[in-house]
Amino acid sequence: MTDVTFSEAQTAVEERLVDTVIGSFGDCTDPRLKQVMTSLVRHLHGFIRDVRLTEDEWNTAVAFLTEVGRITDDRRQEFILLSDVLGASMQTINVNNPAHEGATEATVFGPFFVDDAPRIENGGDASGGAAGQPCWVEGTVRDTDGNAIPGARLEVWEADEDGFYDVQYDDARVGGRAHLYSDDDGRYRFWALTPTPYPIPHDGPVGRMLAATGRSPMRASHLHFMVTAPGMRTLVTHIFVRGDELLNSDTVFGVKDSLIKDFVEQPAGTPTPDGRDVGDTTWARADFDIVLVPADRS
Ligand code: BEZ
Ligand code: FE
């Protein structure tokens, strides 16, 4: 529709409305709010005029957003899911995480983090008995100058091999999540599960939008980390599995090259790093060195 030419009078009507709405914020005393609202109106009107939005489409959009609101409660945040699948969450992360030389990149938080995950010691098991291939994960936590950070708190969480987080189980089992602290040398190590792919919650309006637009709800396999340390910027990220066929189609656009790691499968019977007996099964190992940015650097 954008190649349709409108009369000068029609264009003037549309532009006058944009100017009038922007002018309505003239008395706003908060300069940042005024800037955000002005830009929002410009882009919103630009979109409506670009696609020549019909009144039926406007009604559909209102009904869709109403449904997103209705399904949102303390346990389910459909608005964030909508932001995630539109890439708005990742773009906000990009804007707020200028690439610091050598620092670990951030990615989406997702809806499955839970406070108060069990504490494990270094070398402990974060799987909590959840099903999946055992996976040894280890690495260091350092600052951008290369100094080790002892006592950094690492929260880790992931889905089981069937693609479910513990909060999606029918019972109150806790599994696939834990927290631990880096040791005096800034090193950490723990047992987890080799990540597997799973769909985001897609039984609501966001799932219907994905289906209507021919998109998959699947996320690339990943293991979540949130790393905090005094004086450092909190890092929310994941590591992804090199070779996963979903790396290029992650439905929330969360994959960054630097976060793709080798999860190296070990044949059954291979001795484990800590001597743990994993039985007659394969296991995997992955290395992930984390670099945090000082909080006072924007
Ligand atoms: C997740 O990684 O668990 C997730 C992230 C964004 C939306 C839905 C799920
Ligand atoms: Fe996840």
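Assorted remarks:
- Residue count for the stretch 235-254, restricted to those that are closer than 15 Å to residue 194 by Cα, of a type outside the set (A, V, I, L, M, F, W, C) and within 11 Å of ligand 2 (Cβ to nearest atom): 1
- Put simply, of 102, 129 the only residue that is loosely packed, with under 15 Cβ neighbours inside 10 Å, more than 17 Å from the chain's Cα centre (by Cα) and either under 30 Å from residue 267 (Cα atoms) or at pLDDT 95 or above (or both) is 129.
- Residues of the stretch 260-298 satisfying the condition of being surrounded by 13 or more Cβ atoms within 10 Å (Cβ to Cβ) and of a type in the set (Ser, Thr, Tyr): 272, 282
- Residue list for the stretch 24-37, restricted to those being assigned to a helix (DSSP H, G or I), surrounded by 12 or more Cβ atoms within 10 Å (Cβ to Cβ) and not aliphatic (A, V, I, L, M): 34, 35
- All positions within the stretch 126-141 that are closer than 16 Å to residue 288 by Cα and touching an Asp or Glu at 6+ places or on another chain (Cβ under 7 Å): 138, 139, 140
- Residue in the stretch 86-98 that is farther than 19 Å from residue 237 by Cα, modelled with pLDDT of 95 or more and away from ligand 2 (no atom under 14 Å from the Cβ) present: no
- Within the stretch 56-108, being in a loop (DSSP other than H, G, I, E, B) and closer than 17 Å to residue 292 by Cα holds for 97, 98, 99, 100, 101, 102, 103, 104, 105, 106, 107, 108.
- Selection of strands (runs of 3 or more DSSP E) fully inside the stretch 151-203 by the criterion of at least 2 residues being hydrophobic (A, V, I, L, M, F, W, C), within 15 Å of ligand 2 (Cβ to nearest atom) and within 15 Å of residue 116 (Cα to Cα) returns 153-157.
Yes/no per residue for (1) surrounded by 19 or more Cβ atoms within 10 Å (Cβ to Cβ); (2) not in a loop (DSSP other than H, G, I, E, B):
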site: 225; (1), (2): yes, yes
site: 230; (1), (2): no, no
site: 246; (1), (2): no, no
site: 252; (1), (2): yes, no
site: 258; (1), (2): no, yes
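- The residues listed here are 160, 84; of these, the one that is within 16 Å of ligand 1 (Cβ to nearest atom), crowded, with 20+ Cβ neighbours inside 10 Å and more than 30 Å from residue 66 (Cα to Cα) is 160.
- Whenever a residue of the stretch 259-271 is within 30 Å of residue 108 (Cα to Cα), its partners that are among the β-branched types (Val, Ile, Thr) and in a strand (DSSP E or B), lying with C-beta atoms within less than 8 angstrom and at least six residues away or across chains, give the pairs 259/237; 259/239; 260/239; 260/241; 261/239; 261/241; 263/241.
The values are calculated or read from the model by the stated rules, or taken from the named source; none is laboratory data. No experiment lies behind these values; they were computed from the predicted model shown. Don't worry about glycine lacking a Cβ; one is built from the backbone with ideal geometry, like all the others, and counts go over all protein chains shown.
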